[in-house]
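Let me begin by presenting the structure, written as structure tokens, before commenting on it.
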Amino acid sequence: MTTLLDPTSERAATTRERAARPATLDGLTIGLLDITKARGDVFLDRIADVLTTRGHTVLRFAKPTFTKPAPVDLRHEISTKCDVVIEALAD
Amino acid sequence: MPPLDLPDGLVAIVKRDCPTCVLVGPVLAELRDRATDTVTIVSQDDPTFPEPTGGALDDRDLATSFALDLDTVPTLLRIEHGRETARIIGWSRDQWESFTGVSPLGSQLPPYRPGCGSLTQDPAIAQRHATQLGERALQARRLELGNDEDDAEAMFERGWSDGLPLVPPTPERVVRMLTGTTRDPQDIVAIVPPDLVECTVEKVAINAVMAGCRPEYLPVVLAALEAACTDEFNMHGLLATTWFSGPVIVVNGPITRAIGMNSGINALGPGNRANATIGRALQLVIRNVGGGRPGDVDRATLGQPGKYTCCFAEHEDAYWEPMHVERGYRADQNTVTLFAGEGVRGVVDQLSRTPESLTRSFAACLRTSAHPKLPLAFDAMLIITPDHLRVYEGAGWSKARFREELGALLQLDGNELVRGAAGIEEGIPESLADVTLPKFRDGGFLIAHAGGGAGLFSGIMGGWASGKMGSEVVTREIRS
Amino acid sequence: MHDIVNLESAGVPGVFVASTEFIDAAEAQARALGANPASVFVPHPIQDRTDDELRALADAAIDEIEAAVTRDRGGQ
């Protein structure tokens, strides 16, 4: 295990910072990323319905396989089209 | 492991790998039987040694030996009320008899044998111990990387990088970096903008490791940071400006040769580790400790590549006195001079054979710095090269004479500078039409000498808003 | 989880949803990645649930999911 000394003022946490959150989802595009495990689609369909009912824009994406991280192209597409992303459903 | 808790009485420190210790093994057993004091034996290399005493306390980690600052084994100590009150080293029958109060002692041994070196004197072991002690003294927060984290990527992810790869700041590397200075790691070097954070020598060392510095560069980085964080230099303003400038470090004095800085061919370019990493270390401290990041506080419209790093040594073995001497330091002092510089651009003059002609070339080019119609607003540095300096040397012009003649050529007629003049809306207010104004304020024009021996070119580095409006040039002595 | 960590690096706020069976693994994975992605856990198991049951899980989780990616709802 590598130990590094913090070069900063130590005012922030050492874990990677999360991206800044929008105040609300109003007017934003929400990406739903299906990791393609069995039955996850039923769950995501419902999430999509609820979000759409609440007036949000929803885009659906699916990984080719849940066993690997999403391909770079898919990640890039999500990051250019979506303001936030929800990934489901791991079990 | 902490050092052993040694009981009052006599304590002997020995190692098997020492013939004198082997020799005194039976004497120690004899002391155990006959001395009124408690006798404690400590072994540096093998707790089963000495056999006659049935072994010893284990000091294979040498914590006790280092705590006692031993240089020889055997060493015999007297401990009273938990403190050492006397010690003798090696084997001398007379000394041992009077020290222990047991006589006769070791009568079968020769009367005298010198001891051997304590294991703590082994250079590799001493070095490792110093590193461990140094690492324990470090105060910075430690970050254990995850097993799946790549160390290079982890540093980018945490926002520590200027965009280029960094050297991972491990405790071992930081301790080694700190050997470059005599200053205490917890000394405050400066209050670093924009977040106004107290920055310790240790934090500078961490960023210097990441920048790729060698330990001997650290004093230069420390001095540069001190200079950058003065009110006069105004690093906060320099960071926040939309203008191109960043801190440019000119290093003077014998240290430039000692640490192998480049003042010659490609002095402002790549290829020299000291030049490249000292300037980068300063920028990394401002980024990481001060919190000054491009896009946040750093609002530069375009920026410039010199903001990764810009540091060079002046070529001092020349006709004109070096920059630090001109600024009031002795030639044998080591200094950094900080200038809020933009990118460098070239001045070509391959035909001037007289100082009068060459000075006119410089004046014509310097006048255009930032804008040909703006006087007094921006500072500049001329980096004159050996081929051009020879012209002045040949004619016997001192640096002061050059300054004077150049200054006269850079007195600008207000009529040429006012808004609308020459069909250019940029310019000074109409009311100044009848005034003559100098291009540069007093103290706003620097001259450095550097560069390779061939090339009838010099360099101009524009500055930033001058003086109290922006940044003053600041020189600081480099301390060890 | 890699995907959310990667997308967060690209500036896209994200949350990943998993079953409670995944809590320990998620924590270990986050530690290994040196990251702390937002996560919402729904009761295990998943794969043998009826569609209605899965939809009920979604209904129960939606507010927490939304909160994880918005500021006003408590995400950070």
Inset, instruction - Examine segment C:4-13 for a residue that is more than 7 Å from chain A (Cβ to nearest Cβ) and modelled with pLDDT under 90, and state whether such a residue exists. - result: yes
Inset, instruction - Could you look through segment B:115-157, keep only residues that are among the small types (Gly, Ala, Ser) and closer than 30 Å to B:Gln95 by Cα, and pick out the one that is surrounded by the most Cβ atoms within 10 Å (Cβ to Cβ)? - result: B:Ser118
Inset, instruction - Looking only at segment B:464-478, decide whether some residue is of a type in the set (D, E, K, R), assigned to a strand (DSSP E or B) and under 25 Å from B:Leu239 (Cβ atoms). - result: yes
Inset, instruction - Can you tell me which residue within segment A:3-56, out of those that are at pLDDT 90 or above and among the polar types (S, T, N, Q), is surrounded by the fewest Cβ atoms within 10 Å (Cβ to Cβ)? - result: A:Thr53
Legend entry - Within segment C:41-67, tally of residues that are within 8 Å of chain A (Cβ to nearest Cβ) and either outside any helix (DSSP H, G or I) or farther than 23 Å from A:Val58 by Cα (or both): 6
Inset, instruction - All but one of (1) surrounded by 16 or more Cβ atoms within 10 Å (Cβ to Cβ); (2) aliphatic (A, V, I, L, M); (3) within 30 Å of B:Glu144 (Cα to Cα) hold for C:Ala32, so report the exception by its number. - result: (1)
Inset, instruction - Please specify each residue of segment B:262-275 satisfying the condition of being buried (at least 22 other Cβ atoms within 10 Å of the Cβ) and more than 23 Å from B:Asp379 (Cβ to Cβ). - result: B:Asn262, B:Ala274
Legend entry - Selection status of B:Ile255, in contact with a Cys (Cβ under 7 Å, 6 or more places away or on another chain), buried (at least 22 other Cβ atoms within 10 Å of the Cβ) and more than 14 Å from chain A (Cβ to nearest Cβ): no
Inset, instruction - Give the residue that is surrounded by the most Cβ atoms within 10 Å (Cβ to Cβ), with candidates limited to residues of segment C:15-28 that are more than 7 Å from every other protein chain (Cβ to nearest Cβ) and in contact with a Phe, Trp or Tyr (Cβ under 9 Å, 6 or more places away or on another chain). - result: C:Ala26
Inset, instruction - Provide a single number: the residues in segment B:156-175 that are within 14 Å of chain C (Cβ to nearest Cβ) and in a loop (DSSP other than H, G, I, E, B). - result: 5
Inset, instruction - Being surrounded by fewer than 18 Cβ atoms within 10 Å (Cβ to Cβ) and assigned to a loop (DSSP other than H, G, I, E, B) is the filter here, so list the residues in segment B:60-74 that pass it. - result: B:Arg60, B:Asp61, B:Asp69, B:Asp71
Inset, instruction - Give the residue, chosen from B:Ala340, B:Ala331, B:Ala318, that is small (Gly, Ala, Ser), crowded, with 20+ Cβ neighbours inside 10 Å and under 27 Å from the mean Cα position of the chain (by Cα). - result: B:Ala340
Legend entry - Only one of A:Arg11, A:Arg46, A:Arg21, A:Arg16 that is within 8 Å of another protein chain (Cβ to nearest Cβ), at negative phi, basic (Lys, Arg) and in a helix (DSSP H, G or I): A:Arg46
Inset, instruction - Restrict the check to segment A:68-75 and report whether at least one residue is crowded, with 21+ Cβ neighbours inside 10 Å, in contact (Cβ under 8 Å) with a residue 12 or more places away in the chain, within 8 Å of another protein chain (Cβ to nearest Cβ) and not in a helix (DSSP H, G or I). - result: yes
Inset, instruction - Might you check whether a residue that is crowded, with 18+ Cβ neighbours inside 10 Å, within 39 Å of the chain's Cα centre (by Cα), assigned to a helix (DSSP H, G or I) and away from chain C (no Cβ under 14 Å) occurs anywhere in segment B:94-113? - result: no
Inset, instruction - Kindly indicate the residue of segment B:343-368 that is in a strand (DSSP E or B) and not small (Gly, Ala, Ser) and also surrounded by the most Cβ atoms within 10 Å (Cβ to Cβ) among those meeting that condition. - result: B:Val347
Inset, instruction - Mind listing whichever residues of segment B:180-211 are touching a Pro at 6+ places or on another chain (Cβ under 9 Å) and small (Gly, Ala, Ser)? - result: B:Gly180, B:Ala205, B:Ala208
Legend entry - Selection within segment B:285-324 - within 20 Å of B:Val220 (Cβ to Cβ) and of a type in the set (D, E, K, R): B:Arg287, B:Lys307, B:Glu314, B:Glu316, B:Asp317
Inset, instruction - Starting from residues that are of a type outside the set (Ser, Thr, Tyr) and either more than 19 Å from A:Ala23 (Cα to Cα) or touching a Cys at 6+ places or on another chain (Cβ under 8 Å) (or both), keep the ones in segment A:51-67 and report whichever is nearest to the other protein chains (Cβ to nearest Cβ). - result: A:Lys63
Inset, instruction - Taking B:Gly292 as the residue in question, decide whether it is surrounded by 17 or more Cβ atoms within 10 Å (Cβ to Cβ), touching a helix residue (DSSP H, G or I) at 6+ places or on another chain (Cβ under 7 Å) and assigned to a loop (DSSP other than H, G, I, E, B). - result: yes
Inset, instruction - Could you tell me whether B:Glu153 is part of a helix (DSSP H, G or I), more than 14 Å from chain C (Cβ to nearest Cβ) and at pLDDT below 95? - result: no
Inset, instruction - Taking B:Leu446 as the residue in question, decide whether it is part of a strand (DSSP E or B), surrounded by fewer than 19 Cβ atoms within 10 Å (Cβ to Cβ) and on the phi < 0 side of the Ramachandran plot. - result: no
Inset, instruction - Name every residue in segment B:77-93 that is assigned to a strand (DSSP E or B) and out of contact with any strand residue (DSSP E or B) (no Cβ under 7 Å at 6 or more places or on another chain), in order of residue number. - result: B:Glu80, B:Arg83
Legend entry - Residue check for B:Ala380: on the phi < 0 side of the Ramachandran plot, surrounded by 13 or more Cβ atoms within 10 Å (Cβ to Cβ) and either at pLDDT below 95 or more than 41 Å from the chain's Cα centre (by Cα) (or both): no
Inset, instruction - Give the number of residues within segment B:305-317 that are modelled with pLDDT of 95 or more and either touching a Ser or Thr at 6+ places or on another chain (Cβ under 8 Å) or farther than 18 Å from B:Val285 by Cα (or both). - result: 6
Inset, instruction - Specify the residue that is surrounded by the fewest Cβ atoms within 10 Å (Cβ to Cβ); the eligible residues are those in segment B:18-59 that are among the charged types (D, E, K, R) and part of a loop (DSSP other than H, G, I, E, B). - result: B:Asp46
Legend entry - Contacts under 6 angstrom Cβ, first residue in segment B:53-73 being on the phi > 0 side of the Ramachandran plot, partner among the hydroxyl-bearing types (Ser, Thr, Tyr) and loosely packed, with under 14 Cβ neighbours inside 10 Å, 6 or more apart: B:Gly55/B:Thr48
Legend entry - Positions within segment C:1-44 being hydroxyl-bearing (Ser, Thr, Tyr), within 10 Å of the chain's Cα centre (by Cα) and closer than 30 Å to A:Thr3 by Cβ, in sequence order: C:Ser39
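The values are calculated or read from the model by the stated rules, or taken from the named source; none is laboratory data. Just so it is clear, the model here is predicted, and its values are computed rather than measured. Please note: Cβ atoms are built from the backbone with ideal geometry, for glycine as well, and neighbour counts cover all protein chains shown.
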